[in-house]
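The values are calculated or read from the model by the stated rules, or taken from the named source; none is laboratory data. Model, not experiment: these values are computed from the prediction. Cβ sites come from the backbone with ideal geometry, for glycine too, and all protein chains shown count toward neighbours.
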Amino acid sequence: MPDTQALVNDFLNKLKKRKIEGSQATAKQTAELLRSVISQTRMPYTNQAAALIHSVKAVGERLIAANPVELAVGNVVRRVLHIVREEDLSLTTAAMAGLNLSAESDDEDDTDRDNHPALSAAAIAAASRSTLRPPSLQTLLEDVPDSAAVPHTSSSGGDSEGKSKSADKSSRSRKLKHDVIEAVNELIQDISTCHELIAEQAVEHIHQNEVILTLGSSRTVLEFLCAAKEKKRSFRVFVAEGAPRYQGHLLAKELVTRGLQTTLITDSAVFAMISRVNMVIVGAHAVMANGGVIAPVGLNMVALAAQKHAVPFVVLAGSHKLCPLYPHHPEVLLNELRSPSELLDFGEFSDCLDFGSGIGAPLLHVVNPTFDYVPPKLVSLFITDTGGHNPSYMYRLIADYYSADDLVLERRTTSGN
Amino acid sequence: MNRVGLQYLAGDLSGGNARCIAMLQAFQEAIRDYSTPPEKTLTRDLTSKIGGFVSFLIECRPLSMSMGNAIRFLKSRIARLPLTLSESEAKTTLCSDIDRFINEKIVLADKVILRHAATKIRDGDVLLTYGSSCVVEMILLYAHELGKQFRVVVVDSHPMLEGQKLLRRLVVKGLSCTYTQLNAISYVMHKVTRVFLGASSIFSNGTVYSTVGTASVAMVAHAFRVPVLVCCEAYKFHERVQLDSICFNELGDPDAISKVPGRVDVNYLDNLTDKQKENLELLNLKYDATPSDYISVIVTDYGMIPPTSVPVIVRGYRKEYLLI
């Protein structure tokens, strides 16, 4: 336990000081940290899933609070919680299926007492089966009775049984942790390989002699373009420099090293050049539940220009960037303002930035936001590791990856009872 | 003439009006110093001399549209000189014509524009401007003198970074300003009430030809339903039509893109290998064309006109100064 605490504190520090660059690295480290937390959690006899969920939530809250703008942290926390719930559910149905057989076999003894819990167990099993697997026409026509109460934990049906159940439980608790950790490992693997899966789809979208426009630098975009180059597509790339970080220069350097014809343009020239461009391909910082994109600053301008010239605007995003929250006022709440020194030299303008002049307020404000919000109607296509999707489909992917109970992670303080 | 040319080359003199005035004043000096060689007529010889000067200026830096119009005016004046005038009379006539052109078409025109545009500024406004336009600067300072309370957002872009000079001049006069760069325009546009832009020229289909990046500003303003006012003297209008920014443009120094002044940490493009250099192209456009549907109104010395009225002024009213 003290080991994990030290790890957690160390990671919190790194998040607060913004030392980790990029959502993929952040997501991976968050997942690894949560894996350690899970393996260190002590499991009670009953309600193991709840204990896991509680410990993950406790750590997750602090992680999100350290860097609320880095949405990948919250995404991974919610993914892990969903994994816990899912694994618990599948173990329950497996156990219930086993229990059903055993209950039916010794039907003669205690029929009254057994039938009731057996029925409830069967009902719970049926309900959980229906939530885990899509209903077949058979079950729909059979009209399963209203025992669709969400099965919180398995322990409600199990108390009336005896020793067999307790033996099951202890083996199940070990199994739950094991399954969860396996699934988290899979998640980490997915996060690491998202670039390859996205890059595989490059050939379908980039044809011969095309002109691609991008802004700033994104590793996903770099891999995507290089994968197309590997498959012998020849195309040109316009890279907009992406002030004030000028990461477009980095991307341009990388692309020319790999042999792609690249033209570096200024951000101001995007509108002028976009009429000669076939497709705009960009990366994203996060994708919100409505299909809107939190992207590096300047991309809303590019998206508007692309819409005006009917150029497809394609966003590449790994599934760890998909956030189940809806963006409310994203320019302010999901944005970070960077240092003004990237825009203005302090020495030249220090007299204007001074609070001591005349009216007691500085005459000059400098604004340097990091992110831009691109509304879903400007995005033509999302390419994720699971394939290409419309912005209107993104809410459906959320149902696959996240549970509704995990959307609000903050524990409510007991409201004066 | 050499001095002016070198100033263009060095980039010390920038902005349509400043370049035009400097060029015309240089022409005035040249005319005063001119003397007709024997057996040549004044008009033809002077015209060819002017042509020579113009070629020299083009070598230093391609002409702006305003300069092109001014040269056409001067050549037409020279052509219309009555043959009965003596050389000294002709020279004084030409010089006074140039003075009148500068006075009426630029100086007085600017005063009229100021008065019109200031009526569009209300208390509590947040005005956005892009780059550095002398007309817009005059408007802002004039409105501030009138006592109107407003804030200014100065948007700037790399590599010219002209906004910083404008910012310095505005803050010195006591205007409260916000400074940002072009990419952040979607962030600031939420709070902006009016956008004031300058222009290098306006074409007959209403397209505004101005510093690169103006089109993006107008487009984002249009998307956020913010009115865009373009302030431009009528002598800059041109009968050419243009649909996009690529057909006619000026290329700047490509190395200016790879250098970022004052930021040592971002010099990624130093030390490129030959293989890298052959694949990499640096494109530094100077101008771009803003479609007319993004412009709400054009403020000129003929009043406030919609972009669709530009060809009316080009055809109808321009003849008057050619006939003076």
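From the list B:VAL264, B:VAL241, which one is more than 17 Å from A:GLU241 (Cα to Cα) and either free of Cβ contacts under 8 Å to residues at least 12 places away in the same chain or aliphatic (A, V, I, L, M) (or both)? Don't jump to the end; show me each part of the working.
Details: B:VAL264 fails: more than 17 Å from A:GLU241 (Cα to Cα).
Among B:VAL264, B:VAL241, only B:VAL241 is more than 17 Å from A:GLU241 (Cα to Cα) and either free of Cβ contacts under 8 Å to residues at least 12 places away in the same chain or aliphatic (A, V, I, L, M) (or both).
Can you give me the number of residues within region A:255-294 that are within 7 Å of chain B (Cβ to nearest Cβ) and in contact (Cβ under 8 Å) with a residue 60 or more places away in the chain? Walk me through it before giving the result.
Taking region A:255-294 as the starting set, the residues that turn out to be within 7 Å of chain B (Cβ to nearest Cβ) are A:256-257, A:259-272, A:275-276.
Within this subset, residues satisfying the condition of being in contact (Cβ under 8 Å) with a residue 60 or more places away in the chain are A:276.
The number of residues fulfilling the criteria is 1.
Only residues that are closer than 12 Å to A:THR214 by Cα and at the interface with chain B (Cβ under 7 Å from one of its Cβ atoms): list them for region A:243-254, please. Reasoning before the result, please.
From region A:243-254, those closer than 12 Å to A:THR214 by Cα are A:247-249, A:251-252; that's our starting set.
Answer for region A:243-254, where residues must be closer than 12 Å to A:THR214 by Cα and at the interface with chain B (Cβ under 7 Å from one of its Cβ atoms): A:HIS249, A:ALA252.
I want to confirm something. Restricting to region B:211-233 and keeping residues that are under 16 Å from the mean Cα position of the chain (by Cα) and within 11 Å of another protein chain (Cβ to nearest Cβ), which single residue is surrounded by the fewest Cβ atoms within 10 Å (Cβ to Cβ)?
So the first thing to find is which residues in region B:211-233 are under 16 Å from the mean Cα position of the chain (by Cα), and the list is B:211-215, B:229-233.
Still in the list and also within 11 Å of another protein chain (Cβ to nearest Cβ): B:211-215.
Details: B:THR211: 26, B:VAL212: 28, B:GLY213: 30, B:THR214: 32, B:ALA215: 30.
Among residues in region B:211-233 that are under 16 Å from the mean Cα position of the chain (by Cα) and within 11 Å of another protein chain (Cβ to nearest Cβ), the one surrounded by the fewest Cβ atoms within 10 Å (Cβ to Cβ) is B:THR211.
Any chance region A:336-349 includes a residue that's buried (at least 22 other Cβ atoms within 10 Å of the Cβ) and within 13 Å of chain B (Cβ to nearest Cβ)?
yes
For residues in region A:296-328 being within 12 Å of chain B (Cβ to nearest Cβ), touching a Phe, Trp or Tyr at 6+ places or on another chain (Cβ under 9 Å) and not in a helix (DSSP H, G or I), which is nearest to A:ARG79 (Cα to Cα)?
By that ranking, first place goes to A:PRO296.
Can you find a residue in region A:123-136 that is modelled with pLDDT under 80, surrounded by fewer than 18 Cβ atoms within 10 Å (Cβ to Cβ), among the hydroxyl-bearing types (Ser, Thr, Tyr) and not in a helix (DSSP H, G or I)?
yes
Quick one: in region A:38-56, which of the residues that are over 25 Å from the mean Cα position of the chain (by Cα) and not polar (S, T, N, Q) is surrounded by the most Cβ atoms within 10 Å (Cβ to Cβ)?
Applying the filter and picking the extreme gives A:MET43.
Write out, first by first residue and then by second, each pair whose Cβ atoms fall under 9 Å of each other, whose residues are 6+ apart or on separate chains, and whose first residue, in region A:295-314, is within 14 Å of A:ILE281 (Cα to Cα) while the second is basic (Lys, Arg).
As it stands, the answer is A:PRO296/A:ARG245; A:GLN307/A:LYS377, since those pairs meet every condition given.
Taking B:VAL314 as meeting all but one of (1) modelled with pLDDT of 90 or more; (2) assigned to a helix (DSSP H, G or I); (3) away from chain A (no Cβ under 14 Å), write down the number of the exception.
(1)
Evaluate region B:314-321: report whether one residue or more is crowded, with 16+ Cβ neighbours inside 10 Å and farther than 25 Å from B:SER200 by Cα.
no
So that you can scan it fast, the table gives a plain yes or no per residue for (1) surrounded by fewer than 18 Cβ atoms within 10 Å (Cβ to Cβ); (2) more than 22 Å from B:LYS111 (Cα to Cα); (3) of a type in the set (Ser, Thr, Tyr); (4) in contact (Cβ under 8 Å) with a residue 40 or more places away in the chain:
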{"residue": "B:GLY147", "(1), (2), (3), (4)": "yes, no, no, no"}
{"residue": "B:SER157", "(1), (2), (3), (4)": "no, yes, yes, yes"}
{"residue": "B:THR178", "(1), (2), (3), (4)": "no, yes, yes, no"}
{"residue": "B:VAL188", "(1), (2), (3), (4)": "no, yes, no, yes"}
{"residue": "B:LYS191", "(1), (2), (3), (4)": "yes, yes, no, yes"}
{"residue": "B:SER201", "(1), (2), (3), (4)": "no, no, yes, yes"}
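Across region A:1-51, what is the total count of residues that are of a type in the set (Lys, Arg) and free of Cβ contacts under 8 Å to residues at least 24 places away in the same chain? Lay out the reasoning, then the answer.
Filtering region A:1-51 for residues of a type in the set (Lys, Arg) gives A:14, A:16-19, A:28, A:35, A:42.
Within this subset, residues satisfying the condition of being free of Cβ contacts under 8 Å to residues at least 24 places away in the same chain are A:14, A:17, A:19, A:42.
Of the residues in region A:1-51, 4 are of a type in the set (Lys, Arg) and free of Cβ contacts under 8 Å to residues at least 24 places away in the same chain.
One residue is enough: does region A:72-91 have a residue meeting the conditions assigned to a helix (DSSP H, G or I) and free of Cβ contacts under 8 Å to residues at least 24 places away in the same chain? Break it down stepwise before answering.
So in region A:72-91, the residues assigned to a helix (DSSP H, G or I) come out as A:72-91.
The next check asks that each one be free of Cβ contacts under 8 Å to residues at least 24 places away in the same chain; those that pass are none.
No, every residue in region A:72-91 fails to be assigned to a helix (DSSP H, G or I) and free of Cβ contacts under 8 Å to residues at least 24 places away in the same chain.
A quick yes/no check of all residues on (1) of a type outside the set (Gly, Ala, Ser); (2) in contact with a helix residue (DSSP H, G or I) (Cβ under 7 Å, 6 or more places away or on another chain); (3) at pLDDT 90 or above; (4) within 16 Å of B:LEU197 (Cβ to Cβ):
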| site | (1), (2), (3), (4) |
| --- | --- |
| B:LYS236 | yes, yes, yes, yes |
| B:PHE248 | yes, no, no, no |
| B:ASN271 | yes, no, no, no |
| B:LYS275 | yes, no, no, no |
| B:ALA289 | no, yes, yes, yes |
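Inside region B:272-298, can you point out the residues that are of a type in the set (Asp, Glu), more than 8 Å from every other protein chain (Cβ to nearest Cβ) and either in a strand (DSSP E or B) or within 16 Å of A:LEU304 (Cα to Cα) (or both)?
Listed by number, the list holds a single entry, B:ASP293.
So which of B:THR43, B:THR84, B:THR47 is over 24 Å from B:ARG240 (Cβ atoms) and either at pLDDT 85 or above or not in a helix (DSSP H, G or I) (or both)? I'd like the intermediate steps shown before the answer.
Working: B:THR43 fails: either at pLDDT 85 or above or not in a helix (DSSP H, G or I) (or both); B:THR47 fails: over 24 Å from B:ARG240 (Cβ atoms).
Exactly one residue qualifies, and that residue is B:THR84.
List the strands (runs of 3 or more DSSP E) that sit entirely inside region B:108-189 and contain at least 2 residues that are within 9 Å of chain A (Cβ to nearest Cβ).
B:150-156, B:176-181
Every residue, every condition in (1) over 27 Å from A:THR193 (Cα atoms); (2) part of a helix (DSSP H, G or I), yes or no:
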residue: A:PHE11; (1), (2): no, yes
residue: A:GLU21; (1), (2): no, no
residue: A:ALA27; (1), (2): no, yes
residue: A:ARG42; (1), (2): yes, no
residue: A:THR46; (1), (2): yes, no
residue: A:ILE53; (1), (2): no, yes
residue: A:GLY60; (1), (2): no, yes
residue: A:LEU63; (1), (2): no, yes
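Of the residues B:LYS236, B:LYS259, which single one is more than 10 Å from every other protein chain (Cβ to nearest Cβ) and more than 23 Å from the chain's Cα centre (by Cα)? Give the derivation first.
Details: B:LYS236 fails: more than 23 Å from the chain's Cα centre (by Cα).
Only one candidate passes the filter, namely B:LYS259.
Would you be able to say whether some residue in region A:185-205 is within 14 Å of chain B (Cβ to nearest Cβ) and in contact with a helix residue (DSSP H, G or I) (Cβ under 8 Å, 6 or more places away or on another chain)?
First pass over region A:185-205, keeping only residues within 14 Å of chain B (Cβ to nearest Cβ): none.
For region A:185-205, residues within 14 Å of chain B (Cβ to nearest Cβ) and in contact with a helix residue (DSSP H, G or I) (Cβ under 8 Å, 6 or more places away or on another chain): absent.
Test of understanding: among B:PRO62, B:PRO38, which residue is surrounded by fewer than 18 Cβ atoms within 10 Å (Cβ to Cβ) and free of Cβ contacts under 8 Å to residues at least 12 places away in the same chain?
It is B:PRO38.
If a residue must be out of contact with any Leu (no Cβ under 9 Å at 6 or more places or on another chain) and in a helix (DSSP H, G or I), how many such residues does region B:248-265 contain?
2
Checking A:HIS389 against (1) within 17 Å of the chain's Cα centre (by Cα); (2) touching a residue at least 12 places away in the same chain (Cβ under 8 Å); (3) under 17 Å from A:GLY283 (Cβ atoms), which test does it fail?
A:HIS389 satisfies all of (1) within 17 Å of the chain's Cα centre (by Cα); (2) touching a residue at least 12 places away in the same chain (Cβ under 8 Å); (3) under 17 Å from A:GLY283 (Cβ atoms) except (2).
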